[in-house]
1. Quick one: in the range 257-308, of everything that is charged (D, E, K, R) and in contact with a helix residue (DSSP H, G or I) (Cβ under 6 Å, 6 or more places away or on another chain), which residue is least open to solvent (accessible area, probe 1.4 Å)?
2. Kindly list the number of the only condition in (1) within 16 Å of the ligand (Cβ to nearest atom); (2) at positive phi that fails for Ala92.
3. Are any of the residues in the range 50-73 in contact with a strand residue (DSSP E or B) (Cβ under 9 Å, 6 or more places away or on another chain) and open to solvent by 70 Å² or more (accessible area, probe 1.4 Å)?
4. Among the listed residues Leu227, Leu194, identify the single one that is away from the ligand (no atom under 16 Å from the Cβ), farther than 30 Å from Asp48 by Cα and surrounded by fewer than 22 Cβ atoms within 10 Å (Cβ to Cβ).
5. Give the residue that is surrounded by the most Cβ atoms within 10 Å (Cβ to Cβ), with candidates limited to residues of the range 108-149 that are farther than 30 Å from Val238 by Cα and in contact with a strand residue (DSSP E or B) (Cβ under 6 Å, 6 or more places away or on another chain).
6. If the Cβ limit is 8 Å and pairs must be 6+ apart or interchain, which residue in the range 163-185 that is farther than 22 Å from Leu94 by Cβ and touching a residue at least 12 places away in the same chain (Cβ under 8 Å) pairs with which residue that is among the β-branched types (Val, Ile, Thr) and not in a helix (DSSP H, G or I)?
7. Just checking, which of Ile81, Ile103 is within 16 Å of the ligand (Cβ to nearest atom), surrounded by 12 or more Cβ atoms within 10 Å (Cβ to Cβ) and over 30 Å from Ile333 (Cβ atoms)?
8. Just to verify a result, which residue in the range 15-38, among those that are among the β-branched types (Val, Ile, Thr) and away from the ligand (no atom under 11 Å from the Cβ), is most open to solvent (accessible area, probe 1.4 Å)?
Amino acid sequence: MKWEENVRKVTPYTPGEQPKKTSVIKLNTNENPYPPAPGVAKAAAALDVEKLRLYPAFPEQTALAEELAAYYHIGTDRLFIGVGSDDVLSMAFLTFFDSGKPILFPDITYSFYDVWADVYRIPYERKALDADFQIRAADYKQPNGGVVFPNPNAPTGVRMPLSQVEEIVAANRDVVVIVDEAYIDFGGTSALPLIDKYDNLLVVQTFSKSRNMAGMRIGYAMGQPKLIRYLNDVKYSVNSYTMNTAALELGVAAVRDEAYFKECCQKIMNTRATAEERLSRLGFTFPKSYANFIFASHKTVPAREIFDRLKENDIYVRWWNKARIDNYLRITIGTDEQMEALYRALNQICG
Ligand code: PMP
């Protein structure tokens, strides 16, 4: 078929499985195991359905923008809100990575980066993590068209000290550096305080992990007003109404309840500490994680086999058939009960 020659061909990103069965223990997509803040349910019940007749408000003019700006002590002109951080990151790639020079990101990292680069025809170069899965700042000092990395990194959970993040941002003043902080609230140090100093820094965060709202699809970027304006120009050239009315209203309640947010993050960090101990005893090794997952490899049993056997037991974790990481499993931190079920199954498989 001739028309096929004119198709924009891409290999899409493969998200973790979303099984239909609700009884499974789902430790495969880094969702939060706890429900959204109690205020979110109240806001959902109070949602005025009549309002859905209208197009949604522009995100930057909403109570959600004001709430987030107040929370982070920034002006709303430093904030861009999108449909999960995937939407925010995708818009940022489209906006800022247009030099024709290769952008740089780690070889082991969020596997959406190369997909966006491909779909937008942005050349890229992967920089190898060191043997301990650390990002080497020195690798990001060659001429490039932009830089993007998660901190903490995914799927490793390894964090980068702020001094090194700054070293990369400072070495790349002629391009935009995107720091993807999807997992920052589980023990990392945010680069947000650096946005005043560096006009080339964009910090991206999400409601999907630490704010327990992956299903609502809310993400945001923070940077100097000029960056945000360029980002909005591109976004409004693609789709004006990205955020739906419900997301804009329910998100406010999640930000407002700081105590609940902190409590859930702390619970996950406590469960993670226990998981380190239990998984070590079961024969796993892993880099120290500062995210809501652990990237673990077993000393004798291949990751693929553990992955399959866990699935037979209705426990879902994530495994990639990729060089360097094909003997690792990424295990999301669930509730203590879910983790106990995991240890029991692993004891059978690896014990
Ligand atoms: N960045 C990283 C590093 C992630 O792991 C994820 C989750 N898949 C995202 C961004 C996107 O998350 P969301 O679109 O749900 O905000």
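1. The initial filter retains those residues of the range 257-308 that are charged (D, E, K, R), namely 257-258, 262-263, 267, 272, 276-278, 281, 288, 299, 304-305, 308.
Still in the running and in contact with a helix residue (DSSP H, G or I) (Cβ under 6 Å, 6 or more places away or on another chain): 257, 278.
On the way: Asp257: 46, Arg278: 64 Å².
Per the stated criteria, the residue is Asp257.
2. Answer for Ala92: the failing condition is (2).
3. The answer is no; no qualifying residue exists.
4. Details: Leu227 fails: surrounded by fewer than 22 Cβ atoms within 10 Å (Cβ to Cβ).
Leu194 is the lone residue from the list that is away from the ligand (no atom under 16 Å from the Cβ), farther than 30 Å from Asp48 by Cα and surrounded by fewer than 22 Cβ atoms within 10 Å (Cβ to Cβ).
5. The selected residue is Ile135.
6. Once the first residue is farther than 22 Å from Leu94 by Cβ and touching a residue at least 12 places away in the same chain (Cβ under 8 Å) and sits in the range 163-185, its partners that are among the β-branched types (Val, Ile, Thr) and not in a helix (DSSP H, G or I) give Gln164/Ile135; Val165/Val179.
7. Details: Ile81 fails: over 30 Å from Ile333 (Cβ atoms).
Ile103 is the lone residue from the list that is within 16 Å of the ligand (Cβ to nearest atom), surrounded by 12 or more Cβ atoms within 10 Å (Cβ to Cβ) and over 30 Å from Ile333 (Cβ atoms).
8. Here is the first cut: in the range 15-38, the ones among the β-branched types (Val, Ile, Thr) are 22, 24-25, 29.
This time we only want the ones that are away from the ligand (no atom under 11 Å from the Cβ), so: 22, 24-25.
Values: Thr22: 136, Val24: 17, Ile25: 33 Å².
It comes out as Thr22.
The values are calculated or read from the model by the stated rules, or taken from the named source; none is laboratory data. None of these values were measured; they are calculated from a predicted model. Using ideal geometry, Cβ is built from the backbone for each residue, glycine included, and neighbour counts are taken over all protein chains shown. The accessibility values were calculated without ligands, DNA or RNA, using every heavy atom of the protein model including side chains. Shrake-Rupley method; radii C 1.70, N 1.55, O 1.52, S 1.80 Å.
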